[in-house]
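A short worksheet on the structure shown next.
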Amino acid sequence: MTRGLIIFAREPRPGTVKTRLARDLGSHRAATDLYAAMLTDVLASAATLEDTRLLLFWALNGGAAPAFPTPPRLELFEQQGHDLGERMAHAFESALASGCETCCIIGSDAPDLPPEYIRQAFCLLERDEAEAVFGPADDGGYYLLGLRRVPQRLFQEIAWSSAEVLQTSLERARLCGLRTALLPPWRDIDTRDDLEAFQERPTRHTAPSTLALAQHYLKGNATSCPTI
């Protein structure tokens, strides 16, 4: 089967990304630098997935895609929709319509997410062991969703910023008649506590750009830019 990995991203601009982390660190610049590093690591990790199309969907406000370094295999798109649910549904529909038979979506908040978890999601879909695969995040959301078809109801009337996103989505999937499966849980980086927890994980070295900046900014250097 043709696999497609959708990666959702925003242009790294101060005040528009990682606002909770900016509040914790006392610096929008530090949070923006960390977001750019996280996205760099996510894309580098995704590039290690064999036989998988990489589809980067930018959140844009009528402008062109940012000049951000990306792997050669990456296909670039613009997110479409009024809220996160609409944007994800559109991205899945676009990927499946373009020839992907199984599709997973991730964000840029888990730079050290093991690629094996993504491979596991594809395998569950391809073996028909599940029709919707969720990767539970520690904050009550999910870091990955895998599908083979797109029931619109799965993405509608979800309180995306709440701690009930995963539970609501699982209930919605069942109402849509989808058999579900869960991957191992993982922790995104949204706050200073998350960043500190990332530093303690054995997988942190798989995200070198994020690790270098985390070590720098957690030492209280939020007003200076490191050389890495």
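Before moving on, here are some points about what is shown:
- Within the range 124-228, strands (runs of 3 or more DSSP E) holding 3 or more residues that are free of Cβ contacts under 8 Å to residues at least 12 places away in the same chain and surrounded by 20 or more Cβ atoms within 10 Å (Cβ to Cβ): none
- Filter pass, ILE118 being within 20 Å of ARG3 (Cα to Cα), β-branched (Val, Ile, Thr) and buried (at least 18 other Cβ atoms within 10 Å of the Cβ): yes
- Test: residue in the range 95-103 that is surrounded by fewer than 18 Cβ atoms within 10 Å (Cβ to Cβ), under 19 Å from THR180 (Cα atoms) and modelled with pLDDT of 95 or more: yes
- Qualifying residue in the range 207-214 (condition: out of contact with any Pro (no Cβ under 7 Å at 6 or more places or on another chain), modelled with pLDDT of 95 or more and within 26 Å of ASP51 (Cα to Cα)): yes
- So PRO71, is it surrounded by fewer than 22 Cβ atoms within 10 Å (Cβ to Cβ), under 15 Å from PRO115 (Cβ atoms) and not acidic (Asp, Glu): yes
- Picking from residues in the range 152-187 that are small (Gly, Ala, Ser) and within 27 Å of THR19 (Cα to Cα), the one that is modelled with the lowest pLDDT is SER161.
- Verdict on ARG87 being modelled with pLDDT of 95 or more, of a type in the set (Lys, Arg) and not in a helix (DSSP H, G or I): no
- Residues in the range 9-35 that are more than 13 Å from the chain's Cα centre (by Cα), on the phi < 0 side of the Ramachandran plot and touching a residue at least 40 places away in the same chain (Cβ under 8 Å): GLU11, PRO12, ARG20, LEU21, ASP24, LEU25, SER27, ARG29, ALA30, ASP33, LEU34.
The values are calculated or read from the model by the stated rules, or taken from the named source; none is laboratory data. Computed from a prediction, not measured in an experiment: that's the story for all the values here. All Cβ positions, glycine included, derive from the backbone under ideal geometry; neighbour counts span all protein chains shown.
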